[in-house]
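Data first, discussion second: the structure below is written as structure tokens.
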Amino acid sequence: MRDLLPLDWEEVSAIYAEGIATGVASFETAPPSWDAWDAGHTDVRVVAEVDGRIAGWCALSPTSSRDCYRGVAEESVYVAAWAQGRGVGRALLDETIARSEAAGIWTLQAGIFPENKPSLRLHLGCGFRLVGVRERLGEAGGVWRDVLLLERRSEVIG
């Protein structure tokens, strides 16, 4: 585990694109530019390396610019196809949780398509709980999609 650096963007965006291509990871249709992604992910950003390659990444983005929500962040985690099933997602999420708590973040939230069973299992296994279903939240490929809203409250803060 280490900080995600600008030099990692090529590998990180390739993993992101791989996740997008599954159709169950994101409403996005392509990864953004580094500048756009960097501006939106200002808190915790980590990568996992396996055998000298980036195997996955996890990052937080603020949910609001209002000071009262300074301790609430949205979490995203992506694992390269070749590294799935090796505990990379769990290691990334555990590291992100530890770093978020050290940074004073008391609530992590995640939006997951109901069809993304591996991500749902990962998050529930890391202490997230299902808050609800955001029905027909967005449209992707001509289909309106539900999104499960999960959150994890810090045991240290709040």
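The values are calculated or read from the model by the stated rules, or taken from the named source; none is laboratory data. Because the structure is predicted, anything quoted here is derived from the model rather than measured. Cβ: placed from backbone, ideal geometry, glycine included. Neighbour counts: every protein chain shown.
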Select from region 84-110 the residues that are surrounded by fewer than 19 Cβ atoms within 10 Å (Cβ to Cβ), on the phi < 0 side of the Ramachandran plot and of a type in the set (Gly, Ala, Ser) and list them in ascending order. Ala91, Ala98, Ala102, Ala103
Number of positions in region 2-53 that are on the phi > 0 side of the Ramachandran plot and in contact (Cβ under 8 Å) with a residue 24 or more places away in the chain: 1
Any residue that is under 22 Å from Pro118 (Cα atoms) and either part of a helix (DSSP H, G or I) or under 16 Å from the mean Cα position of the chain (by Cα) (or both) - is there at least one of those in region 36-43? no
Residue list for region 54-66, filter: of a type outside the set (Ser, Thr, Tyr) and either more than 20 Å from Asp94 (Cβ to Cβ) or at pLDDT below 95 (or both): Pro62, Arg66
